[in-house]
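For reference, the structure discussed in these notes is given below.
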Amino acid sequence: DGPSIQQVLTELTNQRTVPNVFVNGTHVGGCDSTYQAYQDGSLQKLLGDGKYAEPYDYDLIIIGGGSGGLACSKEAAALGKKVMVLDYVVPTPLGTSWGLGGTCVNVGCIPKKLMHQAALLGQALQDSRKYGWQYEEQVKHNWEIMVEAIQNYIGSLNWGYRVSLREKSVTYLNSYGEFIEPHKIKATNRKGQVTYHTAETFVLATGERPRYLGIPGDKEYCITSDDLFSLPYCPGKTLVVGASYVALECAGFLAGLGLDVTVMVRSILLRGFDQEMAEKVGAHMETHGVKFIRKFVPVILNLQIFIQVEQLEEGMPGRLKVTAKSTEGPEIFEEEYNTVLIAIGRDACTRNIGLDTIGVKINEKNGKVPVNDEEQTNVPYVYAIGDILDGKLELTPVAIQAGRLLARRLYGGSSTKCDYINVPTTVFTPLEYGCCGFTEERAIEEYGKQNLEVYHSLFWPLEWTVPGRDNNTCYAKIICSKRDNNRVIGFHVLGPNAGEVTQGFAAAIKCGLTKELLDETIGIHPTCAEVFTTMDITKSSGQDITQRGC
């Protein structure tokens, strides 16, 4: 009775070919469909309902123990799930590695802000004489004492994270995770010992690492931000290659500590940020001793290796010779430095964790992972959060928020998604730059210049008036949409404590802040933030924004 069975099957499945595969009563399809179901994990889920299927070791395995991964793991565990976190730091070419917690805690936000604070204290010491403080001894900075204190604090955070995972019954492995088949990973520790683990769901939270130049001498003799914050010796005369926020922040605090610092810039400062603000950041750094070499880059030309970083002398620090070519002409630049810090960007850690084995797609250009609005990849049981997301913000609080909300959606019945719009951030250069919403360039693209009103003002922090420094250097700007009741769509401030100022206004922007509401708000006097309640000069008017007096 083959023909009659075939007829029924055709009516049931609309499939005329064989094999015609069912699992536990569910139609899967033909050969290709079954193989695809195996790749995306849906076949394993179907088999999980059968009596021969083995249960998974964990409900959730998270690859990456940074801010996002830890937040997701603890939230999932609190919701009663069995969770594992794998975290492994591949040492830098110079051998630097660190503990649990990811980039932010170990080689990012935390040590960066503390070294920034060290530099600000140096400026405060200079200001203090004008305020009547008298001291005779020579004041100098000790790099080793600073690094030891910062690393001790970071070590306490590493330990705290481990204790927190243990308290929440999250299994932590200091091992490198790599997919070997759907729902299964291989974990390799520092000694090369291998274990295997399965889970129903996976979250990728592997973060990024600094990119190198790809020229002779870069990995042998140069450092990155991964090395700087635990560097056991003062870097001395330093060349910073790059104009990213990492580059300018590091250049800023190194100069603030009294070092000779030069920044080599290929094109523009702070790509992706408001360019008017970026240029003001750079101009302030130049007035405070940071040198900028514009339109130069160390490269390999015509396949002949004659642009490079050469070691002239070993030491802590040693001496390096840097050769670079102009991006606009034949000029060649040569100079000696003690340290070369590369800060040209970061690459997602996704290419060597077996994603191709299970069919997870990545953006081949940058290694980042495309996801839907619920952080789900093209493979249904694999999610991704943090800096590796394609087209999303690379910020610690964003990863934390996304991780927590993902766990709540997976296991807590929530439907709340991470909001990636109007996220505030701050660049901790010597003159801090805080922003939220659109850059002026992006706002013009999106709304049209004729539909915008830009209010702006210079200001002079009261604390700086007695020392008499940096008058009319700080700057505030808001971008308003005329078509939407002058709603504030871009907020920018350049001044001390910019992060503290921006955080408060970011909440107001989330609530639909308008220029009228700002005007109705009474400022706190004397503060820097009050400038946003008194701005009345538009860019289009061309009026002078110089501030005189209180």
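The values are calculated or read from the model by the stated rules, or taken from the named source; none is laboratory data. Everything numeric here is computed off the predicted structure, so don't read it as measured data. Counting neighbours? That spans all protein chains shown, and the Cβs are built from the backbone with ideal geometry, glycine included. When the accessible area is computed, the model is the full protein with side chains, heavy atoms only, and any ligands, DNA or RNA have been set aside. Shrake-Rupley method; radii C 1.70, N 1.55, O 1.52, S 1.80 Å.
With L389, L431, L406, L410 as the choices, which residue is modelled with pLDDT of 95 or more, buried (at least 18 other Cβ atoms within 10 Å of the Cβ) and more than 22 Å from the chain's Cα centre (by Cα)?
On the way: L389 fails: more than 22 Å from the chain's Cα centre (by Cα); L431 fails: more than 22 Å from the chain's Cα centre (by Cα); L406 fails: more than 22 Å from the chain's Cα centre (by Cα).
It is L410.
Here is a list of conditions, (1) open to solvent by less than 30 Å² (accessible area, probe 1.4 Å); (2) within 30 Å of A255 (Cβ to Cβ); (3) in contact with a Leu (Cβ under 9 Å, 6 or more places away or on another chain), and T426 meets all of them except one; can you say which number that is?
(3)
Cβ contacts < 9 Å: first residue in contact (Cβ under 8 Å) with a residue 12 or more places away in the chain, restricted to region 214-228; second residue aromatic (F, W, Y) and open to solvent by 30 Å² or more (accessible area, probe 1.4 Å), any location; separation 6+ or different chain. Result?
D218/Y212; K219/Y212; C222/Y212; T224/Y212; D226/W98
What are the pairs with Cβ atoms under 7 angstrom where one residue, in region 234-255, is at positive phi and modelled with pLDDT of 95 or more and the other, located anywhere, is polar (S, T, N, Q) and buried (at least 24 other Cβ atoms within 10 Å of the Cβ)? Sequence gap at least six, or different chains.
G236/T339
For region 530-550, give me each residue that is open to solvent by 30 Å² or more (accessible area, probe 1.4 Å), assigned to a helix (DSSP H, G or I) and either basic (K, R) or without any contact (Cβ under 8 Å) to a residue 40 or more places away in the chain (or both).
Correct list: E530, K539, S541.
What are the residues in region 79-95 that are buried (at least 20 other Cβ atoms within 10 Å of the Cβ) and among the basic types (K, R), if any?
K81
Can you tell me which residues in region 161-179 are surrounded by 13 or more Cβ atoms within 10 Å (Cβ to Cβ) and not hydroxyl-bearing (S, T, Y)?
The answer is R162, L165, K168, V170, L173, N174, G177, E178, F179.
Which pairs have Cβ atoms under 7 Å, sit 6 or more apart or on different chains, and link a residue in region 436-447 that is free of Cβ contacts under 8 Å to residues at least 60 places away in the same chain to one that is among the hydrophobic types (A, V, I, L, M, F, W, C)?
Going by the 7 Å Cβ cut-off, the qualifying pairs are F438/I479; F438/I489; A443/L452; A443/I479; A443/I489; I444/L452; E446/F438.
Which condition from (1) under 27 Å from L393 (Cβ atoms); (2) assigned by the TED database to the domain that holds G69; (3) surrounded by 19 or more Cβ atoms within 10 Å (Cβ to Cβ) is the one that Y153 breaks?
(3)
Tally up the residues in region 117-150 that are open to solvent by less than 100 Å² (accessible area, probe 1.4 Å), modelled with pLDDT under 95 and of a type in the set (D, E, K, R), please.
So the count comes out to 0.
Scan K74, K45 and give me the residue that is within 18 Å of K184 (Cβ to Cβ), basic (K, R) and not in a strand (DSSP E or B).
It is K45.
How many residues are open to solvent by 10 Å² or more (accessible area, probe 1.4 Å) and either over 24 Å from G217 (Cα atoms) or without any contact (Cβ under 8 Å) to a residue 24 or more places away in the chain (or both) if we restrict to region 333-359?
The number of residues fulfilling the criteria is 6.
Pairs please, first residue from region 382-395 and within 16 Å of S73 (Cβ to Cβ) and without any contact (Cβ under 8 Å) to a residue 40 or more places away in the chain, second anywhere and acidic (D, E) and open to solvent by 10 Å² or more (accessible area, probe 1.4 Å), Cβ atoms under 7 Å, 6+ apart in sequence or on different chains.
Once the first residue is within 16 Å of S73 (Cβ to Cβ) and without any contact (Cβ under 8 Å) to a residue 40 or more places away in the chain and sits in region 382-395, no partner that is acidic (D, E) and open to solvent by 10 Å² or more (accessible area, probe 1.4 Å) comes close enough.
Of all residues in region 356-386, which are of a type in the set (D, E) and either outside any helix (DSSP H, G or I) or modelled with pLDDT under 95 (or both)?
Across region 356-386, the qualifying residues are E364, D373, E374, E375.
Taking R266 and the conditions (1) under 25 Å from the mean Cα position of the chain (by Cα); (2) open to solvent by 70 Å² or more (accessible area, probe 1.4 Å); (3) at pLDDT 90 or above; (4) among the basic types (K, R), which numbered condition does it fall short on, given that it satisfies the others?
So R266 meets the others, but not (3).
For region 184-198, state whether one or more residues are in contact with a strand residue (DSSP E or B) (Cβ under 9 Å, 6 or more places away or on another chain), polar (S, T, N, Q) and crowded, with 20+ Cβ neighbours inside 10 Å.
no
Restricting attention to region 282-296, and to residues there that are open to solvent by less than 80 Å² (accessible area, probe 1.4 Å) and modelled with pLDDT under 95, which single residue is nearest to I268 (Cα to Cα)?
Restricting to residues being open to solvent by less than 80 Å² (accessible area, probe 1.4 Å) and modelled with pLDDT under 95, the top hit is K295.
Of all residues in region 324-347 being outside any loop (DSSP other than H, G, I, E, B) and among the acidic types (D, E), which is nearest to D226 (Cα to Cα)? Outline the logic, then answer.
The first filter runs over region 324-347 and keeps only residues outside any loop (DSSP other than H, G, I, E, B), leaving 324-326, 332-337, 339-342, 346-347.
Among the residues that remain, those that are also among the acidic types (D, E) are: 334-336, 347.
Details: E334: 26, E335: 24, E336: 23, D347: 13 Å.
The qualifying residue nearest to D226 (Cα to Cα) is D347.
Could you please find all residues in region 21-44 being free of Cβ contacts under 8 Å to residues at least 12 places away in the same chain and open to solvent by 30 Å² or more (accessible area, probe 1.4 Å)?
F22, G25, D32, Y35, Q36
Go through region 434-453 and report how many residues are aliphatic (A, V, I, L, M) and surrounded by fewer than 20 Cβ atoms within 10 Å (Cβ to Cβ).
Selection size over region 434-453: 1.
So which residues in region 216-246 are over 22 Å from the mean Cα position of the chain (by Cα) and in a loop (DSSP other than H, G, I, E, B), if there are any at all?
Selection gives P216, G217, P232, Y233, C234, P235, G236, K237.
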